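Okay, so here's the structure we're looking at.
The values are calculated or read from the model by the stated rules, or taken from the named source; none is laboratory data. Here the structure is a predicted model, which means the values were calculated and not measured. Here Cβ is always computed from backbone atoms with ideal geometry, including for glycine, and neighbour counts include all displayed protein chains. Just the protein is used for accessible areas: all its heavy atoms, side chains included, with ligands, DNA and RNA removed. Shrake-Rupley method; radii C 1.70, N 1.55, O 1.52, S 1.80 Å.
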Amino acid sequence: MVHVLSSRVLLRPTDPERSRTFYGRTLGLEVSREFGTGPERGTVYFLGGGFLEVSGRSETPPAPGLQLWMQVADAAAAHKKLSQRGAQVLRPPLQEPWGLVEMWISDPDDVKIVLVEVPVDHPLRYRPGL
């Protein structure tokens with residue numbers, strides 16, 4: 001087994017500056033580090049327990065099956081804020097049959113992003129003995 005010390009998702013956008021604007025300003029992710037120079041420089045964003053690196057450039061959008069899952073404290077507040085910032089909202093927050101509140105947005109290359117709120121009474125929050 002490989003002992004993983006850290007992880008990140010590597011995203012090669014078709015338009016790096018547009019994607020940096022989306023992840024940094026529209027979505028509001030905090031920058032962990034930046035490297036390189038020029039339009040294809042790298043920016044690494046904090047992504048909860050991992051990182052998202054936007055660097056380089058691709059002639060084609062990422063694979064259509066690529067999706068990002070991000071847990072938020074309040075999906076309704078995220079919906080309001082992201083709508084005001086011009087994010088492409090694919091679906092507003094709805095409580096799913098499995099109990100999570102999910103909303104869907106997409107990035108400039110049509111990467112689907114689900115923003116998930118875990119309600120207080122959801123089993124994902126259950127910790128035996130507490």
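Determine, from the Cβ-Cβ distance of Val4 and Phe35 and an R0 of 25 Å, the FRET efficiency 1/(1 + (r/R0)^6), rounded to the nearest 0.05.
After rounding, the FRET efficiency stands at 0.70.
Compute the FRET efficiency between Trp98 and Arg18 as 1/(1 + (r/R0)^6), taking r as their Cβ-Cβ distance and R0 = 22 Å, and round to the nearest 0.05.
0.05
Can you list residues whose amide H is under 5 Å from Val72's amide H, if they're 5+ apart or on another chain and H is modeled 1.01 Å from N?
Val116, Glu117, Val118
Using only Cα atoms, tell me the angle between helix 75-84 and the longest principal axis of the chain; keep it within 0 to 90° and round to the nearest 10.
30 degrees
What is the distance, in nm, between label points placed 7 Å from the Cα along the Cα-to-Cβ direction at Thr60 and at Tyr126?
Roughly 4.4 nm, to one decimal.
Filter the GluC sites (Glu not before Pro) in the range 35-130 down to the DSSP loop ones having no more than 16 other Cβ atoms within 10 Å, then list what survives.
Passing sites in the range 35-130 are Glu40, Glu59.
Quote the charge dipole size of the chain about the Cα centre in Debye, to the nearest 20; the model charges only the Cβ of Lys and Arg (+1) and of Asp and Glu (-1).
Charge dipole of the chain: 200 debye, to the nearest 20.
What percent does the relative contact order of the chain come to when contacts are Cα pairs within less than 8 Å and at least six residues apart?
22 percent
What percent antiparallel are the DSSP beta bridges of the range 33-130, to the nearest 5?
80 percent
To the nearest µm²/s, what D does Stokes-Einstein give for the chain at 37 °C and 0.692 mPa s, using the Kirkwood radius over alpha carbon pairs as Rh?
Translational diffusion coefficient: 205 µm²/s.
Karplus couplings for the range 63-73 from phi (6.51 cos²θ - 1.76 cosθ + 1.60, θ = phi - 60°), rounded to Hz, Gly and Pro as x?
Once θ is set to phi - 60°, the couplings for the range 63-73 become 3, x, x, 5, 9, 10, 10, 10, 7, 10, 6 Hz.
Might you report the magnitude of the Cβ-based charge dipole of the range 75-114 about its Cα centre, with Lys and Arg at +1 and Asp and Glu at -1, to the nearest 20 debye?
Taking the Cα centre of the range 75-114 as origin, the dipole is about 240 debye.
Rolling a 1.4 Å sphere over the protein heavy atoms, what is the accessible area per residue of the range 13-60, to the nearest Å²?
Each residue of the range 13-60 exposes 52 Å² on average to a 1.4 Å probe.
Over the range 73-127, calculate the relative contact order: mean separation of alpha carbon pairs under 8 Å at least 6 apart, over the residue count, as a percent.
This gives 29 percent for the range 73-127.
Could you look at the chain and say what percent of its accessible area is carbon and sulfur, using a 1.4 Å probe and all protein chains?
So the carbon and sulfur contribution to the accessible surface is 55 percent.
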